[in-house]
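I have placed the structure first, in the form of structure tokens, so that the comments after it can refer back to it.
Bear in mind that the values in this text are calculations on the coordinates, not laboratory data. Because the structure is a prediction, the values reported are computed rather than measured. All Cβ positions, glycine included, derive from the backbone under ideal geometry; neighbour counts span all protein chains shown.
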Amino acid sequence: MTTRSRGNAARTLLVVAGFATVLAGVAAAQQRPGGGDDWCRDERRDSGDDRRSVCEVREYSVPAAGATMTVDATPNGGIAVEGSSRGDILVRARVVATADTEEEARALAARVQVVATADRVAADGPRSGLGRHDGWSVSYRLAVPTQTPLSLHSTNGGISIDNVSSRIEFRTVNGGVTLSHLSGDVEGRTSNGGINVDLDGSTWQGGGLDVQTTNGGVRLTIPEHYSAHLETGTVNGSVRIDFPVTVQGRIGRSFSTDLGSGGPTLRVKTSNGGVTIRKK
């Protein structure tokens, strides 16, 4: 090999090594150990059988692209989203795996892959070939810019959203819903779980709120001197309002009324459960 050839080969190796270093840095930025001792401690406290379980929290930072952030926690996982002043999106995923032994549980957790991008968060893992006591779940906590559009879905897990002003859509089957300090166009459903809504400000900013449950109570907390058009009620349950309202027509378990000077429609209903509306 000539001196020039040896020089070119050395430069090529340096470029390849540098490129590999850059790729390694990108991968490290995508997933970091998330700590999460308290979050995992909650999971261990909730466990009530003799199976062995492992819990780990994985952390990701993804760009805030302005697109709808879809979070899929099906079939077994909860979702909590909090608006923040961040310029990116922080995703924390709690992966829980159970099996007959701790070694088997750790091996199962290692097979669960969490994918976090600028517009989607979801997990994939073994769906067949599992032992009788084997199982896994992934729950999520996200910190997002306050104007991030959201689409949240679970089957067995609750949903919590705080301090977000955007288009929000959510669905779960078995899980409660907690909504606080929201605005925008918000619509969602749960089948088996209560709904707790905490409003702020003097009126709703945006298109409105439309949330319903089939089996569960509804609790709505409204600031003093709040203005909105309220639609609420239940089929099987009681309705309690801790302040005077004016209702046109017959007062029953379902009714609509203007609070203050009226405004965007807030629809909060249940089929089987009580309704409680109070002021702060």
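Observations on the model:
- Cα gyration tensor, the range 176-280 - rounded (a/c under 1.5), prolate or oblate: oblate
- Extension gain (nm, one decimal) between Arg120 and Asn215, 0.36 nm per residue minus Cα-Cα: 31.3 nm
- FRET efficiency, 1/(1 + (r/R0)^6) with R0 22 Å, evaluated for Ser151 and Ser261 via beta carbons: 0.10
- Loop-located GluC sites (Glu not before Pro) in the range 142-231 whose Cβ has at most 14 other Cβ within 10 Å (DSSP): Glu224
- Qualifying trypsin sites (Lys or Arg not before Pro) in the range 97-144, where qualification requires a DSSP coil assignment and no more than 10 other C-beta atoms within 10 Å, comprise Arg127, Arg132.
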